[in-house]
Amino acid sequence: MARPTKYNPKYCDGAVAFLSEGYSVKAYAGHIGVSLSTVYKWADDHPEFSDALKAGQAAAACWWENRLRAVAQTGEGNASAAIFGVKNRSQEEWRDKVEQDHTSSDGSMTPTVDASKLSDAALQELMGARGSESE
């Protein structure tokens, strides 16, 4: 028999209010005394709670962006902490990571060479390199 859930619809408003202060979902879980996996299970089971978490996460991102703007405008505060908060709350908009596509035009990872455009010396060098690979 499964344990009864501790979920309460009032958590929807509580989540939005708590997260709008810049806190994470994990901090909210700790605040209400449950595990992070429980919060995500509630979100899976209760669409209204899922919507509240999304709204709260957006509000948390706004909170951090406001902190970053305040540091930029006044020079007061901890810019590193604000940047860290913004990047972790809005990864899709604030990430430093650059995606590189390494596939060839044929969709493989194998480089293609148009041998008709190579000089005789380049062909000899390429054939020599391939010959030494098989040895």
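I'd like the residue in the stretch 1-47 that is of a type in the set (Lys, Arg) and part of a helix (DSSP H, G or I) and, out of all such residues, is farthest from ALA60 (Cα to Cα). Reasoning before the result, please.
Of the stretch 1-47, the ones of a type in the set (Lys, Arg) are 3, 6, 10, 26, 41.
Cutting the leftovers down to part of a helix (DSSP H, G or I) gives us 26, 41.
On the way: LYS26: 13, LYS41: 21 Å.
For the stretch 1-47, the residue satisfying everything is LYS41.
Can you tell me which residue within the stretch 69-109, out of those that are surrounded by 15 or more Cβ atoms within 10 Å (Cβ to Cβ) and either at pLDDT 95 or above or of a type in the set (Val, Ile, Thr) (or both), is nearest to TYR40 (Cα to Cα)? Steps first, please.
In the first step, residues of the stretch 69-109 are kept if they are surrounded by 15 or more Cβ atoms within 10 Å (Cβ to Cβ); the result is 71, 82-83, 85-87, 89-90, 94.
From the residues that got through so far, the ones that are either at pLDDT 95 or above or of a type in the set (Val, Ile, Thr) (or both) too are 71, 83, 86.
Working: VAL71: 33, ILE83: 26, VAL86: 22 Å.
Here the answer is VAL86.
Take the residues in the stretch 48-76 that are acidic (Asp, Glu) and assigned to a helix (DSSP H, G or I), then tell me which one is farthest from TYR7 (Cα to Cα). By that ranking, first place goes to GLU65. Would you call GLY22 surrounded by 14 or more Cβ atoms within 10 Å (Cβ to Cβ), of a type in the set (Gly, Ala, Ser) and on the phi > 0 side of the Ramachandran plot? Yes: the conditions hold for GLY22. Scanning the stretch 1-32 for residues being over 25 Å from GLU65 (Cβ atoms) and without any contact (Cβ under 8 Å) to a residue 12 or more places away in the chain gives a total of 6. The residues listed here are ASP101, ASP120, ASP44; of these, the one that is closer than 30 Å to ALA2 by Cα and of a type in the set (D, E, K, R) is ASP44.
The values are calculated or read from the model by the stated rules, or taken from the named source; none is laboratory data. It should be emphasised that the depicted structure is a prediction, and the values quoted were computed from it without experimental measurement. Note that we place each Cβ from the backbone using ideal geometry, even for glycine, and neighbour counts take in every protein chain shown.
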